[in-house]
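J.: Okay, handing you the structure first.
Every number in this text was worked out from the coordinates using simple rules, so none of it is lab data. This is a predicted model, so every value here is computed, not measured. We place every Cβ from the backbone using ideal geometry, glycine too, and count neighbours over all the protein chains shown.
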């Protein structure tokens with residue numbers, strides 16, 4: 001009986017499927033665009049970036065007994081200059097169990113050390129076990145500099161960042177569904193997000209903007225999942241309608257929506273429980 005339900009001309013269900021799909025997709029698209037704009041603003045105004053100053057050593061790793069000292073600033077690895085901690089790890093991680101020539105700056109002097117990396121097995125976002133090389137050093141979190149790029153380069157950089165975050169988020173969701181990643185360790189609920197946001201806000205506006213951009217991209221992707229009550233669920237119903245050439249009975253849609261609500265209530269309670277445990281008891 002609900003299959004042929006029609007409202008007035010301006011009501012959502014009265015619109016043709018294509019127009020309804022555009023209306024539904026506008027929400028996630030808005031989140032995507034906002035995330036993209038925030039990343040663009042961050043790259044142009046300057047993103048706080050961690051430098052290469054050593055802040056500590058990890059036990060049982062080569063660096064601790066190598067002669068390196070806390071506050072040494074790493075300037076190159078095997079002749080390749082490194083300006084940020086991200087660049088440093090990108091050089092070291094692909095080289096497990098290899099000897100590296102590390103140059104550091106100490107009190108205006110340039111010193112050189114030969115260090116053997118130690119291998120460590122980790123699970124990457126694709127759910128596969130991979131081996132990375134580690135020196136056993138941790139960064140000095142006070143060594144921050146503002147990394148600025150030109151407005152033109154920021155377009156490419158922000159687009160690439162959104163793409164990488166989207167890819168990693170989708171891989172994480174896939175691996176949670178396949179049981180390769182733990183849901184409680186990979187996803188935060190409202191309590192965890194609020195707690196983490198307050199911690200990030202203390203570090204400054206740029207850090208908070210970065211988190212806001214990240215959350216907007218994640219919301220856009222999550223909202224497109226084909227689950228009833230999400231925009232992705234509505235798009236799924238519209239796709240089925242196009243295939244069947246008529247909408248699903250309203251009762252069927254309502255039952256799917258109820259199942260979706262039960263799922264999200266259970267997910268909310270599950271994540272909230274573990275958020276409280278992680279925030280207050282760990």
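J.: Distance between Cα centroids, segment 30-69 to segment 141-157: provide it in whole Å.
T.: Cα centroid of segment 30-69 versus Cα centroid of segment 141-157: 11 Å apart.
J.: When a/c is below 1.5 the answer is rounded, else prolate if a/b is larger than b/c, else oblate, so apply that to segment 69-140 with a ≥ b ≥ c taken from the square roots of the Cα gyration tensor eigenvalues.
T.: Judged from the Cα gyration tensor, segment 69-140 comes out prolate (a/c at least 1.5, a/b above b/c).
J.: Within a 10 angstrom radius of the beta carbon, how do 58, 137, 243, 227 rank from fewest other beta carbons to most?
T.: In increasing order of surrounding Cβ atoms, one gets 243, 58, 227, 137.
J.: Could you put 121, 73, 258 in order, starting from the residue whose Cβ has the fewest other Cβ atoms within 10 Å?
T.: Lowest count first: 121, 258, 73.
J.: Counting other beta carbons within 10 Å of each residue's own, what order do 32, 270 fall into, fewest first?
T.: Placing the least packed residue first, the sequence is 270, 32.
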